[in-house]
Ligand SMILES: Cc1ncc(COP(=O)(O)O)c(C=O)c1O
């Protein structure tokens, strides 16, 4: 069997091992949250915001974001239709209604023109995703948000280090959230972080993340229906070591993307998803659209790759089609990515030779399927 070409996976060095070992040995007693605090400070400074709260996973950070902004069943939130479902469920947990809109065919991020069309009297917020590390169109989105008085939540789960016009994503909206799940660029197994410049939102998120505990009337007193959503020191030690290597990890992703780009960019029927001018993608998941294939053919190509031990992924199904949601718009671009989109392997342990093998296999499948 050929080497497994994994879709994603981290690079772990002596640095990570030494931080984790230190946390396991010494991260107790008065040091029980040293790494969590360091991770929060370092991440906030890196993105350029004032407050950070580390959570057990990004889904929880997104839920806290929606709850801390006070969203509830009277509200509508405009959500990109193309994402992992955590993006939408975080909104739905508050009772607010998700109104799913279409994406830009060049970046697969939410289309600002579609946001405009979906606004009603009930609209309270926009939930965008920096899809696969490509920045959403923040100038347009923030302009619309200001015009209509909407909150903006940036789901930046895979997008650490990505930039829009020289500014890091995660620093534009009212709240932003990143993930350290094992397939992301910087990992801690499971992990997430919420960022904001708004002190009140931060305080509210902290309260909700720690079971609403205030100790106001007695020890263990709780003043709000909260959750146990905080990140432990051990996971934080791993996430911190990874964050301190983020430039190197981004270079690796770009090298892999360049390897795909040089081999695939001139192939008819393949559309490479690449950063727009003025934007820096972190190329967390290099992706393509198989323009001339049907969904069945795309799936057969993915199966053909898998038979060669190459693990690629299909585009997300539109969340608006899930049983718990209602579909207000058809969203044809998201539909085409659902049917014809492929994200290519970009695990940190891949070489240019591996990328060459993926492309060769893909090109031969394109001819036969
Ligand atoms: C866009 C997006 N949002 C949210 C999440 C949820 O992150 P987590 O697994 O850390 O809860 C993911 C994870 O894959 C994601 O890709």
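Bear in mind that the values in this text are calculations on the coordinates, not laboratory data. Remember, it's a predicted structure, so these values are computed and weren't measured experimentally. All Cβ positions, even for glycine, are placed from backbone atoms using ideal geometry, and neighbour counts span all protein chains on display.
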Task: DSSP-defined beta bridges in segment 1-129 - what % are antiparallel, rounded to 5 - done: 10
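What is the fewest-to-most order of 36, 294, 42, 55 by other Cβ atoms lying within 10 Å of their Cβ?
Arranged by neighbour count, lowest to highest, 36, 294, 42, 55 become 294, 42, 36, 55.
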Task: DSSP bridge pairs, segment 55-145: antiparallel proportion in percent, nearest 5 - done: 10
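Is segment 194-322 rounded, prolate or oblate when judged by the Cα gyration tensor, a ≥ b ≥ c being the square roots of its eigenvalues, rounded requiring a/c under 1.5 and prolate requiring a/b larger than b/c?
Note, shape of segment 194-322 comes out prolate.
Which length gain, in nm to one decimal place, applies between residue 262 and residue 364 when the Cα-Cα distance is subtracted from 0.36 nm times their residue separation? Before the final figure, lay out the partial values.
Working: separation 102, 0.36 × 102 = 36.72 nm, distance 1.69 nm.
Gain on stretching residue 262 to residue 364: 35.0 nm.
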- [ ] Compute the relative contact order of segment 246-368 as a whole-number percentage, counting only Cα pairs closer than 8 Å that sit 6 or more residues apart in sequence.
- [x] 32
- [ ] Would you mind pulling out the separation of the Cα centroids of segment 56-132 and segment 166-211, in Å?
- [x] 15
Task: Which of 218, 188, 343 has the fewest Cβ neighbours within 10 Å, and the rest in rising order - done: 218, 343, 188
Open item on the list: Apply the a/c threshold of 1.5 to the C-alpha gyration tensor of segment 1-94 and tell me whether it is rounded, prolate or oblate.
Closed with: oblate
Open item on the list: Below 8 Å, C-alpha to C-alpha, sequence gap of six or more: please give me the relative contact order for segment 14-243 in percent.
Closed with: 26
Task: Relative exposure of 199, 190, judged by other C-beta atoms within 10 Å (fewest first) - done: 199, 190
- [ ] Report, in degrees rounded to the nearest 10, the 0 to 90 angle that the Cα long axis of helix 34-47 makes with the longest principal axis of the chain.
- [x] 60
Task: Nitroxide proxy distance, nm - points 7 Å out along Cα→Cβ at residue 251 and residue 148 - done: 4.3
Open item on the list: Given a 10 angstrom Cα cut-off, can you work out which residue in 229, 148, 29 is the most mobile in a GNM of the chain?
Closed with: 29
Open item on the list: Quick check on the chain: of the DSSP beta bridges with both residues there, what percent are antiparallel, nearest 5%?
Closed with: 60
- [ ] Tell me what the chain gives for mean residue ellipticity at 222 nm when only DSSP H runs of n ≥ 4 count, each as -39,500 (n - 2.57), the sum divided by the residue total, rounded to 500 deg cm²/dmol.
- [x] -12000 deg cm²/dmol
Open item on the list: Under 25 °C and 0.890 mPa s, how fast does the chain diffuse according to Stokes-Einstein, given a Kirkwood radius computed over C-alpha pairs? Answer in µm²/s, whole number.
Closed with: 116
Task: Rounded Å value of the spacing that divides the Cα centres of segment 258-272 and segment 20-40 - done: 45
TODO: Once you have a ≥ b ≥ c as the square roots of the Cα gyration tensor eigenvalues for segment 246-368, tell me rounded if a/c is under 1.5, and otherwise prolate or oblate according to whether a/b is larger than b/c.
DONE: oblate
